[in-house]
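So the structure is just underneath, and the comments pick up after that.
What follows is calculated from the coordinates using simple rules that are stated; it is not laboratory data. Only a predicted model underlies this, so the values are computations on that prediction, with no experimental measurement involved. Virtual Cβ from ideal backbone geometry, glycine too; neighbours counted across all protein chains shown.
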């Protein structure tokens, strides 16, 4: 077993102290030392964790209470009913096994997160061993190795930097910060600094975008920051979705109801009517099987699957079926900023030139020196397909030029670069020198305003160059401050002309400059994101921004999106450093007042999600980086980004947005609400029908009638519990579905008047079936007990089947009239009812079938009674709905 690695705060220590702590030197380790440490600490890779076998995953699917009830019912039906019971049992087992197989498949799809993390590792690393630079497999790196980095490298392990020459590392996947971090070895880093502020460190799987550097490996494998995230993923608690909780609650209710009815039926049959115990048991088991909607798990799966198909067409790829419904109950959308709410692409937004502040869309002259400098003092490469390659800040400047017909490639043909002073993190400037057609030279300088302004002696204004004044400096600094307040990253442009190439020293090249202008850039919000935030708020959903970016940037974007109201002066931004100072109990008291969290780590994101969950809220978390993965897995529904998202974040998600469009989430929420409503309709339909079957048999037992036989119940359930029930699952959304508040975690399938509907509609069906049966006994068309009984049995059987088919129309809405919800909008429903009707009628009209089902051919009069009895179901329900609407029950249900 490998030895634990030190988790010291290397970023707070001096370089010599770090080398001493790791027992190494600038010359690196010897081969023998590296091998010894490799044996001690293990390979630089992530643990796979314990993987469960396919068989164990399959067995886990049978732990659900509803599944257990079905299995018990199947076993009892075989024991007590012989062949009839075997048919029931086969159907039940087929449903259960299909459901389990689908669950195993979904679980297998969800195990990609750790594998994706492993696949991100850099295959080779350049290290200094035995005094020589060699390439080794990154998996063989050990603490104490000296690693060399340059632009284009993937950092192979966590390391404390020893040297950094203009080194910039893109850490968005870990921190969420959209701009590459400029590494600085001279800054004193505080012990409580977040990952994004540890400017003397480099972390595994981040990307070197500029410059070069050297670092000493401090941690490898599971002890790196990425390894820490992998550990959090492996240990993250799977949150039960509201759908699972609702189905579990439904299972408990059905269990108690079934046991109670079966016990009462057994007692009545044996002790009051003198049945033999075995006969009473058979009747009780038949009731239990009739009471349980054995098709419900499969129907819910089918409804969810159909929902995933709808979402897929609208750019939402669902990886876990319950996620479809969970979206509908979402109360909090906690979103990462970079790449989710924003474009993850630096863009020029404002330019200060000629004493005026203009927007990026305004026209600008091709000879404007602000435009020329931002393109000249720039190392961006333009690929053959016009793809910009380089630092995101610099590519934004070149893109601005291209958008304004300034193609730097063409301009450089006439004014080629002949010398340069590369960017340096100490002076924070970059300069290039270009030869002019007249033989003179143009010096273009770009850099930090506070540093560059010190070197400016003149100012250009509308083509005229004059000495700069204190008032000019004050105006420039004021504009810089105003742009910074808007969370824009500001760069200053300056220039000068010389008659010869100056000596390449900063004191000479970057002196006596002419101020050209300021450029303000930002990673802009997605165009559709603000509207999506507005719709979310209207739907009662609270949007929360959680980002690793700076506080000012996060706040500015949040205000632009409407997450924070523009005029709101209260503090709604909370930082990771402030969160570190609070215990979970303390944070639970104050978390609701904050809508934006900045400079946060993966642990912070998980704490924030859990705080809302502890408050009983259903939380959706969006994200695209490795740093988002633990919170994506912790949330009730994790939403990854399909284009910009890492494989790690997608692997930890329940749903992936194929277009990275935040607005797509709102579309998915609407579909989720529709899916839940349709599952409610399916449950209302199934349970009211099953209730009618149970109470019809129960009351008939009390009256001494033999109304329905097991084969009748089996066929009716097969016909009515499949196609019509599935068709109800794809009903169009009712109007105003996005105007209602979210259901939340505490809601159930029986809310919104569904329970009342099940009870009164089940009662109506029972009364109508027994009424038709009683009518047949009182007014027989044939003589003889057997014939009278056969006709009555047939009429009751057909009435029950037809009632359930016409009742499917009632269930389209709990309170609205069937004539307002659209009788024929659902094509699947329009097909399913006639098919079910044909299947039901086939048992009577097809020769041979009527003998098997113990039914007779009915006369026209008897058919008239059956049809009237069936259609009365619609009339009675319409009357009740009208009364409920008059009493305002439909308004209370919203």
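Quick notes on this one:
- Taking the number of Cβ atoms within 10 Å of each Cβ as an exposure proxy, the fewest-first ranking of 854, 807 is 854, 807.
- Mean-position separation - Cα centroids, segment 328-359 and segment 760-809, in angstrom: 67
- Ranked by the mean number of other Cβ atoms within 10 Å of their residues, highest first, the peptides 256-263, 680-687 fall in the order 680-687, 256-263.
- As a rough guide to protection, the peptides 14-25, 319-330 ranked by mean Cβ packing within 10 Å, highest first, stand as 319-330, 14-25.
- The chain: C-alpha gyration tensor shape, a/c 1.5 cut-off, then a/b vs b/c: prolate
- Dividing the summed -39500 (n - 2.57) terms of all DSSP H runs of n ≥ 4 by the residue count of the chain sets its mean residue ellipticity at 222 nm at -15500 deg cm²/dmol.
- Exposure proxy order (Cβ contacts within 10 Å, fewest to most) of 597, 203: 203, 597
- Inter-centroid distance (Cα atoms) of segment 147-176 relative to segment 853-872, Å: 81
- Of all DSSP bridge pairs formed entirely within segment 347-522, close to 95 percent run antiparallel.
- Gyration tensor (alpha-carbon) shape descriptor, segment 519-574, a/c threshold 1.5: oblate
- Length-normalised contact order for the chain - Cα pairs under 8 Å, 6+ apart - percent: 13
- Normalised contact order of segment 347-522, rounded percent, pairs of Cα under 8 Å and 6 or more residues apart: 27
- Span from the segment 668-713 Cα centroid across to the segment 1-42 one, whole angstrom: 68
- Gyration tensor verdict on segment 347-522 (Cα atoms; rounded if a/c is under 1.5, prolate if a/b is larger than b/c, oblate otherwise): rounded
- Against the chain, whose longest principal axis comes from its Cα atoms, helix 392-403 is set at around 90 degrees.
- Legend: ranking of residues 705, 863 from fewest to most surrounding C-beta atoms inside 10 Å; resulting order 863, 705.
- Beta bridges by DSSP in the chain, antiparallel share as percent, to the nearest 5: 75
- Point-to-point label distance, residue 6-residue 31, nm (Cα→Cβ direction, 7 Å offset): 2.7
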